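To start, the structure itself, in structure tokens.
The values are calculated or read from the model by the stated rules, or taken from the named source; none is laboratory data. Note that this is a predicted model, so its numbers are computed, not measured. With ideal geometry, Cβ positions are generated from the backbone for all residues, glycine too; neighbour counts draw on all protein chains shown. Remember, those area values only see protein heavy atoms, side chains included, never the ligands or the DNA or RNA. Shrake-Rupley method; radii C 1.70, N 1.55, O 1.52, S 1.80 Å.
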Amino acid sequence: MLRPIAQELAETIARTIGYDVVITDLAGIIIGCSDPTRGIGTLNEACAQVAASGQPRWESEEDAKLLKGTKPGVTYPILGVDRKVAGTIALTGAPELVRPFALLVKTQAELYLKERIAAAELQERERNFQALVSDIALFKQGINDPKIYETRAELMGYTPSSSYCVVALNETSQPDEGSSHGADYSAQQRLLSEIRTCFGNPGDLCGSTSPHRFVAFCAVNCDDDTSSRSVLDDVKKRCETLLNRLTAAKLPCKIGIGGIHRDIDGLSASYREALAALQMGGNADSSEPIHCISGYRIEELLLKSEMTLQDALVERELAPLFARNDGDELQDTIAAWCESGFSVVRAAELLHVHRTTVDYRLEKLQRILSVEPRDFREMSRLYWAVVLWRNGRSKNSPRRRSRRR
């Protein structure tokens, strides 16, 4: 791990203290130096002896002449995280002048090495988590071996005996114009840290799957004495706490919550449900930040039916509205009217219009579509057609554009 950072480390320290710095491996071969006249890949015999003994040493002008590739100065061993010698660092100059800096430079080098190792381990864990989530998303019962997936997940903290509910998050903030990649990475790390704070119980797994997508595999207690509704309510409360923290940090997100399942195939199902809840919830109400799949089970069922049936329902029920300039607001009215339980007052609140406007639009719908607004069966057909329309169904309709709702 020392070799990739040696040159950068040597140059950084040399600029700070004003003395040339040499870094070698365990064989005393130079792998980093601030003095361009010292050859990378050449032997420094004094450093080789320090690496072998683990003890610091210094060479005067006369001493250095007796050792190959050595100049006057002070050499210290660099210890790795396992407290074993990982290499050496030498400061070139009169020993009495550079010795006061030597121990400080050694400590700085070891801290830098420790940080780089920790960062590399974190990046490796993130890559492993991304690969695990991708494989779990594609898991097929009867085709893939769940034990292989379970073993990989256990290495990251998965508890096979627990039930799981998957939470998917999309970061929705737009980076400032001219913002650097480093700033974006810092924001992602802050967001991931907040997620792990809220989903940090034993058995929970958290990580990113893309720069703006994050996932939490939330271990839950769902035994015979605990209803799934109360468990989901608890998960939603944790999501609300997370959103409050992210809002304060100016990192807005949308959240999708999957169902409660067991085993790897259940984990795969919950992950797909969380993504579906994000999509369907956003299409239904873009202002609401948290969407739970339990509120979209009918939509989920409809969207799994044959595409031709979905398109036919949308075209059959909504075709008269597609060519109208007020088609979007009439479809919004259908959704609000049904979701309000046929309440003019509540529908007006959902649409942010006056109640007389709702009455006017209902009369218009009655005239255009030949429906009775208080007939549940007639309005339910229209309602589910609007839901499918919002989720990208009906290839002939001109509504394949961003929704304003």
For region 90-118, which residues satisfy the criterion of being open to solvent by less than 40 Å² (accessible area, probe 1.4 Å) and closer than 24 Å to Glu8 by Cβ? Ala90, Leu91, Thr92, Gly93, Val98, Ala102, Val105, Lys106, Ala109, Glu110, Leu113, Ile117
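Yes/no matrix, rows are residues, columns are (1) in the same structural domain as Ser380 (by the TED database); (2) open to solvent by less than 20 Å² (accessible area, probe 1.4 Å); (3) part of a loop (DSSP other than H, G, I, E, B); (4) modelled with pLDDT of 90 or more:
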{"residue": "Ile257", "(1), (2), (3), (4)": "no, yes, no, yes"}
{"residue": "Ser268", "(1), (2), (3), (4)": "no, yes, no, yes"}
{"residue": "Gln279", "(1), (2), (3), (4)": "no, no, no, no"}
{"residue": "His291", "(1), (2), (3), (4)": "no, yes, no, yes"}
{"residue": "Gln310", "(1), (2), (3), (4)": "yes, yes, no, no"}
Considering only residues of region 361-392 that are open to solvent by less than 20 Å² (accessible area, probe 1.4 Å) and part of a loop (DSSP other than H, G, I, E, B), which is nearest to Arg297 (Cα to Cα)? Asn391
Please work out which residue is surrounded by the most Cβ atoms within 10 Å (Cβ to Cβ), limiting yourself to region 44-60 and to residues that are more than 15 Å from Asp20 (Cβ to Cβ) and out of contact with any strand residue (DSSP E or B) (no Cβ under 6 Å at 6 or more places or on another chain). Ala48
All but one of (1) touching a residue at least 24 places away in the same chain (Cβ under 8 Å); (2) open to solvent by less than 10 Å² (accessible area, probe 1.4 Å) hold for Leu192; state the number of the condition that does not hold. (1)
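Suppose we filter Asn144, Asn128 for residues that are open to solvent by 30 Å² or more (accessible area, probe 1.4 Å), in contact (Cβ under 8 Å) with a residue 24 or more places away in the chain and over 22 Å from Val235 (Cα atoms); which single one remains?
Working: Asn144 fails: in contact (Cβ under 8 Å) with a residue 24 or more places away in the chain.
Unique residue meeting the criteria: Asn128.
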Subset tally (residues that are open to solvent by 30 Å² or more (accessible area, probe 1.4 Å) and either under 15 Å from Val387 (Cα atoms) or not aliphatic (A, V, I, L, M) (or both)) for region 314-360: 23
List every residue pair whose Cβ atoms lie under 6 Å apart, where the two residues are 6 or more positions apart in sequence or sit on different chains, the first residue falls within region 157-171 and is in the same structural domain as Ile293 (by the TED database), and the second residue, located anywhere, is assigned to a loop (DSSP other than H, G, I, E, B) and at pLDDT 90 or above. Thr159/Gly203; Ser162/Gly203
Any idea which of Gly69, Gly73, Gly87, Gly80 is surrounded by fewer than 19 Cβ atoms within 10 Å (Cβ to Cβ), of a type outside the set (D, E, K, R) and either at pLDDT 90 or above or in the same structural domain as Thr16 (by the TED database) (or both)? Gly80
